[in-house]
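Worksheet: one structure, shown below.
Quick note: the coordinates plus some simple rules give every number you see, no bench work behind them. Remember, it's a predicted structure, so these values are computed and weren't measured experimentally. So basically every Cβ, Gly included, is an ideal-geometry build from the backbone, and we count neighbours across all protein chains shown.
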Amino acid sequence: MLPISRVRSLSTVTTRATTTLQQTATRSFASSAVVPQFHIKLNPDSFHTYNCETPSLEVEVSKKDLIDMYSSMATIRRMEMTADGLYKAKLIRGFCHLSTGQEAVSVGMESAMTSNDKLITAYRSHGFTYMRGGSLVSIFGELLGRKNGISKGKGGSMYMFTPRLQGGNGIVGAQVPVGAGLAFAQKYLGRKETTFVIYGDGAANQGQVFESFNMAKLWELPAVFVCENNRYGMGTSAERSSASVDYFKRGDYIPGLRVDGMDVLAVHQATKYAKEWTDAGRGPLVLEVETYRYGGHSMSDPGTTYRTREEIQKVRAKSDPITGLKHSLLEYKALTEEEIKDLDKTARATVDKEAEEAKAEPEPDMSEFSTSVYVKGHEVPFLRGREPSEVYRF
Amino acid sequence: MSSILKKAAVVSIPTVRQALARSNPVLANALLAKRQYSKGGVEMTVRDALNSALEEEMTADEKIYLMGEEVGQYNGAYKVSKGLLDKFGPKRVIDTPITESGFCGLAVGSAFAGLKPVCEFMTWNFAMQAIDQIVNSAAKTHYMSGGNVTCPITFRGPNGAASGVAAQHSQCFAAWYGSVPGLKVVSPWNSEDAKGLLKAAIRDPNPVVVLENELMYGVSFPMSEAALSKDFVIEIGKAKIEKEGSDITIVAHSRSVGFALEAAHLLEKEGICKAEVINLRSIRPLDIDTIIKSVKKTNRLVTVEGGWPQYGVGSEICAQIMESEAFDHLDAPVVRITGADIPTPYAQNLETLAFPDTDVISRVIKRTLNKKIGA
């Protein structure tokens, strides 16, 4: 039973955590000296290295950080499940790729990144959008194709951007050279920042990935190439697509680190290590994050024709990232069972509220049809519609 | 073969039906449907027609193989290659990594070496990663080698808009590939088109681009008895007059043919005009003769496509008409109906405005009918 003063300070922290979730500003994980630090021991199997040092298996993390991590993962889980329902209700159209099960990746990475670091990923990006500053209402708005969507409803699931997130990209592999370009600009402008370039096990065989590796190493770019390995590229297992599934070694002349991506603290530690690497001017690093998606590749894929239901259930039972962190929180006495339940409730309530808010928004104004094809003020004289009388002038 | 089919359909000999079901389940289902629906004709979806074409050609020629993402174990991202891995095995139905540039180049190389690959792109948008191999390695090599090297490859996949898939997944590539000498380009609309053109493409010793359409895969059409034959091919470069008319010619390809026909029927019902609808079927070579002949009869022409307006299929038709004897027969300028000149938006209200439909076609036709040169 906690002393009353601790309970009171917890509710204050919970409120702060809720406020942080609603902000679109920096999601800061900086801990204050007054807040208790926990030293959590990671599983000895958490890391595998390739020409680099092993990160420490002891993670120093504040209570606030732990609460933020838990709340963020719970929020993302609820957000993705809500999107699942909205898609089945035909309110979300086209493609929708959910990251249920992979929450530890976006949350663990963000916890060790700064707001000036950049991140780019492919299409399984809702979690990253949230962590990199996208509000829930603007994410739902975009999925629903509404005017308040983060891309004004014009992009959809795969095209969400924030000042810290270069999308959301629909063409497999294309985001990798683009990510190397973000890192190139950071170095060019003399900024002590890192770009995290995310691609999946399916994309890992793309030629442009290796072209990016070469340039990043040649020019010592501050790029961390993150292979988010969830074992399946759509319906094709890693073993059936890749001559080598040691994605952390595929950088050859670029050192690499493989981490258990179902453990948010391990991901945090690996990301911290990667950031220190690039900050120290050691050039690029490959970071393979082993994770798992419970759902299919997209909402049109049941996800059970190329893997067994038993496999999915087994991973859920043994390695769920949210349950995993919950065990650590209880084991290290950071939070009680009740307090964790409250975080779950708050996350659910917040997501539900913002989803309803987004549903009430209208579709984009028709004027949006022809805007932003070109930069405002620098357009072509006119754009044609479907026939000569449909003209959009600038 | 067809007499056996007739027997199986009418007399219901169980062993023949079972054998047919084993050897060609798609055809067996179509025949079953014929008895069940009692419409008097066999119906087949575009998807099943493509599947039939692949199955028949691969049965007839061992050098033909299918390569692409998820074509085998997954049975095809859009189920076009369903059952083919089970029937032909992993040597002939190959699941590739997600590496378009690489596997397209590899397929082209295998064609140079004597095989007959069917290279599938999950959508033609992804083929942009491989366009160098299609244009520079496949299309130009026969010419550059002085005729010494051939590339009997078929590239296929869904092209153009789907529904709600936004800018990077909705582009129509008919104009781009249609401009390349050395390639042939076909764009089927219905099931007969799909089967006949894909078979023709596979049999053609040139590299052929087959532009399918995802939204058409699930649509059912009647299949004539001839179309059910395993030797049914449609000549590449020949358009089809889907509906005869006298007042205006509508030329369309792929999904737009359906909208054109709807508009034509509507306008006829309203007593406004009798429109002639031409299904291009092939983008390259373009059957300009059929169009010229029609324009001489109707004196008016509109084109319909899903692709962007600038430098598009409609633009090419206009130019060729201008340069031909048909110019003297025009009573009004040709009008192109196209996709809008913007990246495809996601939001539904905006996406609806981005592609032509029956309403737009009707509207433009009414306007065109009211014009008269020199009046």
Between the Cα axis of helix B:256-269 and the main Cα principal axis of chain B, the angle (0 to 90°, nearest 10) is 50 degrees
Taking the number of other C-beta atoms within 10 Å as the exposure measure, put B:C119, B:C318 in order starting with the fewest. B:C318, B:C119
Could you size up the charge dipole of the protein assembly as shown around its Cα centre, putting +1 on the beta carbon of Lys and Arg and -1 on that of Asp and Glu, and report it in debye to the nearest 20? 800 debye
If you line up the Cα atoms of the protein assembly as shown on their principal axes, what length do they span on each, largest first, in Å? 92, 64, 55
Chain B: C-alpha gyration tensor shape, a/c 1.5 cut-off, then a/b vs b/c: oblate
Between A:K118 and residues 5 or more places away or on another chain, which pairs have amide H atoms under 5 Å apart, with H built 1.01 Å from N, and which residues are they? A:T194, A:T195, A:F196
With no solvent term and unit scatterers on the alpha-carbon positions of segment B:208-349, Debye gives log₁₀ I(q)/I(0) at q = 0.13 Å⁻¹ of -0.62
The size of the Cβ-based charge dipole (Lys, Arg +1; Asp, Glu -1) of segment A:227-286 about the Cα centre, to the nearest 20 debye, is 80 debye
Name the trypsin sites (Lys or Arg not before Pro) in segment B:243-301 that are in a loop by DSSP and that have at most 15 other C-beta atoms within 10 Å, would you? B:K274
Straight-line reach only, C-alpha to C-alpha below 25 angstrom: list the lysines that A:K41 could link to, leaving out same-chain residues fewer than 8 apart. A:K63, A:K64, A:K272, A:K275, A:K314, A:K318, A:K326, A:K333, A:K341
Rg in Å to one decimal, and Dmax rounded to a whole Å, for segment B:158-231 via C-alpha atoms: 13.7, 40
Residues in segment A:38-53 that a label on A:D246 would reach, taking backbone N under 16 Å of a point 7 Å out along Cα→Cβ: A:47-53
Estimated distance in nm for a label pair at B:D328 and B:S229, the labels positioned 7 Å out from Cα along Cα-to-Cβ: 4.1 nm
Between the Cα axis of helix B:358-369 and the main Cα principal axis of chain B, the angle (0 to 90°, nearest 10) is 40 degrees
Using only Cα atoms, find the angle between the long axis of helix B:288-298 and the longest principal axis of chain B, and express it within 0 to 90 degrees, rounded to the nearest 10. 40 degrees
Computed FRET efficiency, Cβ-Cβ of B:S145 and B:H265, R0 45 Å: what is it to the nearest 0.05? 0.35
To the nearest 20 Debye, how big is the dipole of segment A:37-363 about its Cα centre, given +1 on the beta carbon of each Lys and Arg and -1 on that of each Asp and Glu? 740 debye
With θ taken as phi - 60° and the coefficients 6.51, -1.76 and 1.60, list the Karplus ³J(HN,Hα) couplings across segment A:337-348 in order, rounded to whole Hz; mark glycine and proline as x. 4, 4, 5, 5, 4, 4, 4, 4, 4, 5, 4, 4
If you take the square roots of the eigenvalues of the alpha-carbon gyration tensor of segment A:37-363 and sort them as a ≥ b ≥ c, do you get rounded (a/c under 1.5), prolate (a/b over b/c) or oblate? rounded
Under the rule of at least 5 residues apart or a separate chain, name every residue whose amide H is placed under 5 Å from the amide H of B:V251. B:I278, B:V302, B:T303, B:V304
Of A:G179, A:G233, A:G141, the one that fluctuates the most in a GNM where chain A has Cα springs shorter than 10 Å: A:G233
Under the Karplus relation with 6.51, -1.76 and 1.60 and θ = phi - 60°, whole-Hz ³J(HN,Hα) for segment A:373-380, x at Gly and Pro, equal 5, 10, 5, 4, x, 10, 8, 7
Once both label points are put 7 Å beyond Cα along the C-beta direction, the B:E43-A:N214 separation in nm becomes 5.4 nm
Restricted to the protein assembly as shown, the DSSP antiparallel beta bridge percent, nearest 5, is 30 percent
Cα-based reach from B:K238 at 17 Å (exclusive), listing lysines while leaving out same-chain residues under 8 positions away: B:K184, B:K195, B:K199, B:K293
Using the basic label-point model (7 angstrom from Cα toward the beta carbon), what is the A:K341 to A:K318 distance in nanometres? 3.0 nm
Counting sequence-distant residues (5 or more places) and residues on other chains, those with an amide H built under 5 Å from that of B:I94 are B:L66, B:M67, B:G68
How do the peptides A:160-166, A:372-378, A:298-304, B:208-214 rank, highest first, by the average count of neighbouring beta carbon atoms within 10 Å per residue? B:208-214, A:160-166, A:298-304, A:372-378
Sum -39500 (n - 2.57) across every DSSP H segment of at least 4 residues in chain B, then divide by the residue count to get the 222 nm mean residue ellipticity, nearest 500. -11000 deg cm²/dmol
Taking the Cβ-Cβ separation of A:F382 and B:L115 as r and a Förster radius of 60 Å, what is the calculated FRET efficiency to the nearest 0.05? 0.75
Backbone HN-Hα couplings from phi across segment A:202-208 [Karplus 6.51/-1.76/1.60, Hz, Gly and Pro as x]: x, 6, 4, 8, 5, x, 5
Charge dipole (chain A, unit charges on Cβ, about Cα centre) - positive-most of A:M109, A:T82, A:Y247: A:T82
Rounded to 5, the percent of DSSP beta bridges in chain B classed as antiparallel: 25 percent
